[in-house]
Amino acid sequence: MIRVAMNVAIGFCVPWTADAATRIQMVTFTSCGSWRINGYTPGGSSNKPLAVYLHGTDMVYDNQVSREITEMMANKGFVAVNIEYANADYPLSSSQCTEFGSKAQQISAGIETLCTSLNQTTLMLDCTLGVAMMGYSQGGQLALLLGNYNNRVTAALSICGTLATAVGLDEQRACFASSALQLPRTKRRITIGEEDAEFGAASMYYWDGSPSQVIQLAAETSGYNSCSTHNCIQSDGSGFYVSTSSETGAGADHTWWVNFQGWFGASEQDSVKEEFKNAALDEQWGLPACLDWLARAAVANTPTPSPAAVAPEQQVTCGTSVRMQTFLHLAINAMVVCDVLYSSH
């Protein structure tokens with residue numbers, strides 16, 4: 001079922017001729033439950049590639065953050081959507097790679113639903129033109145991982161998502177180190193703040209991120225291990241950028257780029273901070289530069305996936321997960337609430 005409403009958007013740097021983006025809403029696939037896909041499709045009569053945004057742990061599906069980011073990608077000529085997935089928990093066990101794999105398979109089922117049959121025709125979508133993944137925190141990790149589960153994926157952008165410090169780095173490396181990722185490093189990009197405590201604390205007991213640790217973990221995930229500076233963006237735009245508070249003007253912790261309206265991720269009105277959304281195109285940490293690279297990387301030299309390489313009917317292990325949050329995640333919630341209370345006085 002597709003319900004369409006017009007939403008006029010301003011386009012920039014689009015690789016295709018695009019008219020105003022059109023809002024789409026649909027309940028489209030079942031995989032260990034019923035999951036929704038919302039987003040935007042650009043105007044025009046030509047077929048378009050696909051872009052998928054994955055929100056972070058506990059964040060509300062299809063909130064304002066998701067809408068802003070998918071609309072920006074639609075204005076670059078993509079059918080851009082937010083796929084709902086099991087984001088209420090973050091895997092913490094020694095078998096976390098299996099749990100992340102199950103989430104990735106669920107998301108892959110959503111991609112396959114979009115790339116085939118009625119949806120492909122209705123949305124003027126051609127996934128052989130490219131499938132761009134992007135996400136925040138856990139969603140960013142999964143964006144990088146999706147290439148292991150669906151060969152349609154051609155590029156991935158992770159926002160503040162590398163190797164989580166507090167849940168066992170050895171386990172995280174088995175899931176997300178460059179050697180564990182099938183998507184080539186030239187098709188991966190990471191942007192993260194140097195104070196990110198969830199993906200760069202010296203240990204789980206530290207409240208602040210260590211710049212050197214953030215850089216090291218970003219290097220391990222990106223595949224550019226020999227780079228140890230804040231700016232490790234390569235000539236082709238892949239790599240990673242570790243931003244500083246002085247650069248962004250809005251902070252450099254795990255949540256610096258989101259305007260939270262209360263408890264972490266719980267509001268549909270959470271939005272992207274202007275400092276991130278409207279950063280100059282030459283600011284490699286900013287959203288415009290990251291999405292510009294993603295749009296180009298996803299469609300450059302895109303191979304046509306073979307039927308054997310894509311598994312629409314993948315067997316997903318469904319189970320009852322225990323709702324768990326890391327100490328640092330709870331601490332972030334507390335700090336966000338305190339900030340809101342303080343600013344209201």
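The values are calculated or read from the model by the stated rules, or taken from the named source; none is laboratory data. Small disclaimer: the values here were computed from a predicted structure and weren't measured. All Cβ positions, glycine included, derive from the backbone under ideal geometry; neighbour counts span all protein chains shown. Note: accessible area is taken over every heavy atom of the protein model, side chains too, but ligands, DNA and RNA are not part of it. Shrake-Rupley method; radii C 1.70, N 1.55, O 1.52, S 1.80 Å.
Values for this structure:
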| item | result |
| --- | --- |
| Within region 102-125, considering residues that are among the β-branched types (Val, Ile, Thr) and in contact (Cβ under 8 Å) with a residue 12 or more places away in the chain, the one most open to solvent (accessible area, probe 1.4 Å) | Thr122 |
| Residue that is farthest from Gln105 (Cα to Cα), among those in region 126-138 that are part of a helix (DSSP H, G or I) and open to solvent by less than 10 Å² (accessible area, probe 1.4 Å) | Cys127 |
| Cβ-Cβ under 6 Å pairs, at least 6 apart or on other chains, region 19-34 side among the charged types (D, E, K, R), far side at pLDDT below 85 | Asp19/Gly43; Asp19/Gly44; Arg23/Ala5; Arg23/Asn7 |
| Residue within region 139-153 that is touching a strand residue (DSSP E or B) at 6+ places or on another chain (Cβ under 7 Å), open to solvent by 10 Å² or more (accessible area, probe 1.4 Å) and over 17 Å from Ala297 (Cβ atoms) present | no |
| Residue list for region 1-42, filter: in a strand (DSSP E or B), at pLDDT below 50 and β-branched (Val, Ile, Thr) | Ile2, Val4 |
| Selected residue (criterion: farthest from Ile69 (Cα to Cα)) from residues of region 265-274 that are touching a strand residue (DSSP E or B) at 6+ places or on another chain (Cβ under 9 Å) and either modelled with pLDDT under 85 or assigned to a loop (DSSP other than H, G, I, E, B) (or both) | Gly265 |
| Residue ID - most open to solvent (accessible area, probe 1.4 Å), chosen from residues in region 76-101 that are assigned to a helix (DSSP H, G or I) and not small (Gly, Ala, Ser) | Thr98 |
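The rows are residues; the columns are (1) touching a helix residue (DSSP H, G or I) at 6+ places or on another chain (Cβ under 6 Å); (2) at pLDDT 95 or above; (3) buried (at least 20 other Cβ atoms within 10 Å of the Cβ).
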| site | (1), (2), (3) |
| --- | --- |
| Gly44 | no, no, no |
| Asn47 | no, no, no |
| Met59 | no, no, yes |
| Val65 | no, yes, yes |
| Ile69 | no, yes, yes |
| Ala74 | no, yes, yes |
